[in-house]
Amino acid sequence: MKTIRAVYEKGVFRPTEPVDLPEGSSVTVEPTTDDSSQPRPTDPEFAHLTPGQAKIYAILSERYDSGRGDLAERHDEHQP
């Protein structure tokens, strides 16, 4: 199924476009925010970099939730 964008208002998620689901369908929601405070390649902090480098640094500046609480527990997993 495709991603459905929504706005959270007054305790309810309101889709921003039509949704192809039967009325009353049960769905699972994994919220992520479209946070405009995330770094963008055009931000002044990246001005000294080439455009390619700025994109890389912007991506590396973002936070990602892997769903795992302790990534260090798998640190040596690749070791023989």
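Just a few scattered comments:
- Extreme residue, farthest from THR33 (Cα to Cα), among residues of region 56-71 that are open to solvent by 100 Å² or more (accessible area, probe 1.4 Å) and in a loop (DSSP other than H, G, I, E, B): ARG68
- Residues being assigned to a helix (DSSP H, G or I), at pLDDT below 85 and open to solvent by 60 Å² or more (accessible area, probe 1.4 Å) - total across region 1-55: 4
The values are calculated or read from the model by the stated rules, or taken from the named source; none is laboratory data. This structure is a prediction, so every number in the text was calculated from the model and none was measured. What goes into the accessible areas is simple: the full protein's heavy atoms, side chains included, and nothing from ligands, DNA or RNA. Shrake-Rupley method; radii C 1.70, N 1.55, O 1.52, S 1.80 Å.
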